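Down below is the structure, laid out as structure tokens.
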Amino acid sequence: MRPARTAEVAAVVALCADAHVPIVPQGGNTGMCGAATPDESGREVVVSLGRMRAVRAVDPANATITVEAGVTLAEVQQAAADADLLFPLSLASEGSCTIGGNLSTNAGGTAVLRYGNARDLVLGIEVVLADGRVLNALRGLRKDNTGYDLKQLFIGSEGTLGIVTAAVLKLYAAASTRVTALAALSGVAQAVEFLRFMQRALGDRLVGFELISGPALRLSRKHHPALPDPLPDHDWYVLLQASDSATASPLAAQVEDACARAAEANTIVDATIAQSQEQADRLWALRENISEAQRREGPNIKHDISLPISAIPAFLDDAGAALLAAFPGAQLVIFGHLGDGNLHYNVAAPAGEPAGRFLANTPVANRIVHDRVVAAGGSISAEHGIGQLRRDELVHYKAPLELELMRRIKAALDPAGLLNPGKVL
């Protein structure tokens, strides 16, 4: 089904509820955990929000934008830019992922350090409930202390509690100055030290702080050889983004000075600063093309984890040693959003090993990685959600009381269990 209006979504859901037919909401199909994929029964109705493409309102004075669920993230960014404002959520898939999907998974991306996850960017929401009724809470208020914040139940619930059809999103002042820099480092402990150094130097003008392992960067260049290689042959890299909405900002000079001082202190080995937007885009392409390069290279066992930033160096040492002991010759492809503690921690097959045989080791690799993540106070899913892929892992690691409360909420809002069954719980 491809409804074009909220009333049509509500009608479809009401009909399915009456007929006891399960529903799978679907956005841009860019998810990583199978949350928008129906089962093999052929009985589930897929409700695609792709035709709900309206930007309902832009309110520059209130710094908000109201959009429907099928609007792509790039389109929201452009609508904000047209009003000389910024919608800061940014993902590699922003040209095809949709706002409904972004909210259903509480998407993160590269600017969480400064602006937070998707749930931090939502003021109001419109949701079709499991019985077809519509919760209209499209309020553009930054202060509303009238009871439970119901919208937060639906954000991150992956369509298991209701179908998001529209949202009021926060906007920010557009950046007048942007600075992108790539730094080379000898280790992850130095990257954590560099993060603290740059936060002290730049404050909240530090927007993104991406950790990239040497193997990950080389893999990106292998499959995209036209990309730059300004700092070759280092073990670790940090790609940072800073921005300032003030006019005539000295930000570029401040970033250059901070990098120079970090090099003098042996926190970083070297750094290069983009001198144009084209150069900045090409440095970001190194980071954004890692996942595509992995796909071309072959299947790998993927982990989307988060840890306290202080725990990341020890975790990487411990988990890496355990994985290489279990799978000699395996390749660790590590990158992610160090500024908010989120790593994409991927294990590729040793050279020459058939992909199918290696992927059969996924449960063992997951246990090695996830045991150490949880022991360090981390999470087995940072920004991709649970879906079908990590459902069993959630049961293994989530506290029984947390699972009980989640099931009680599910039963209260979807007593027949028709919304996206088999996902999350």
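Every number in this text was worked out from the coordinates using simple rules, so none of it is lab data. Worth saying up front: this structure is predicted, and the values here are computed from it rather than measured. In this analysis, Cβ positions are derived from the backbone assuming ideal geometry, glycine residues included, and neighbour counts consider all displayed protein chains.
Listing for the model above:
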| quantity | calculated |
| --- | --- |
| From phi via Karplus (6.51, -1.76, 1.60), per-residue ³J(HN,Hα) for the stretch 143-151 in Hz, x at Gly/Pro | 10, 7, 9, 9, x, 4, 8, 5, 4 |
| 3J(HN,Hα) from dihedral phi, the stretch 185-202, Karplus parametrisation 6.51/-1.76/1.60, rounded to Hz, x for glycine, proline | 9, 8, x, 6, 4, 5, 5, 5, 5, 5, 4, 4, 4, 6, 5, 5, 6, 10 |
| Other-chain or far-sequence residues with amide H under 5 Å of ALA57's (modelled H) | THR66 |
| Selection from VAL188, ILE290, GLN277, by position along the positive dipole direction of the stretch 177-291 (Cβ) | ILE290 |
| Theoretical gain in end-to-end length, ALA416 to ALA326 [0.36 nm per residue, Cα-Cα removed] | 28.1 nm |
| Sequence of TYR148, TYR172 once ranked by neighbouring C-beta atoms within 10 Å, starting from the fewest | TYR148, TYR172 |
| Length-normalised contact order of the stretch 71-174 in % [C-alpha pairs under 8 Å, at least 6 apart] | 32 percent |
| Approximate spin-label separation ALA7-HIS223, in nm, with each point projected 7 Å along Cα-to-Cβ | 4.6 nm |
| Calculated FRET value between ALA253 and HIS20, using beta carbons and R₀ = 51 Å, to 0.05 | 0.20 |
| Acute angle (nearest 10 degrees) that the helix 214-223 long axis makes with the longest principal axis of the chain, alpha-carbon atoms | 70 degrees |
| Karplus (6.51, -1.76, 1.60) ³J(HN,Hα), θ = phi - 60°, over the stretch 115-132, in Hz, Gly and Pro reported as x | 10, x, 6, 4, 5, 6, 9, 10, 9, x, 8, 10, 9, 8, 7, 5, 9, x |
| About the Cα centre, charge dipole magnitude for the chain (Lys/Arg +1, Asp/Glu -1 at Cβ), debye | 660 debye |
| Sum of side-chain charges, HIS20 neighbourhood, beta-carbon under 15 Å (Lys, Arg +1; Asp, Glu -1) | -3 |
| Dipole magnitude of the stretch 177-291 about its Cα centre (Cβ charges: Lys, Arg +1; Asp, Glu -1), debye to nearest 20 | 180 debye |
| Too-long pairs where the Cα-Cα distance tops 26 Å, listed order kept, from LYS302/LYS410; LYS151/LYS398; LYS151/LYS302; LYS222/LYS302; LYS302/LYS423; LYS151/LYS423 | LYS302/LYS410; LYS151/LYS302 |
| Extreme residue, positive dipole direction of the stretch 298-384, given options ALA382, LEU316, ASN346 (C-beta unit charges) | ASN346 |
| Highest-first arrangement of 46-59, 206-219, where packing means the average Cβ count within 10 Å | 206-219, 46-59 |
| Rounded to 10°, Cα long-axis angle of helix 73-82 versus longest principal axis of the chain | 80 degrees |
| Reference-scaled alpha-carbon Rg (2.2 N^0.38 Å with N residues) for the chain | 1.00 |
| Distance from the stretch 370-419 to the stretch 1-67 (C-alpha centre basis), Å | 22 Å |
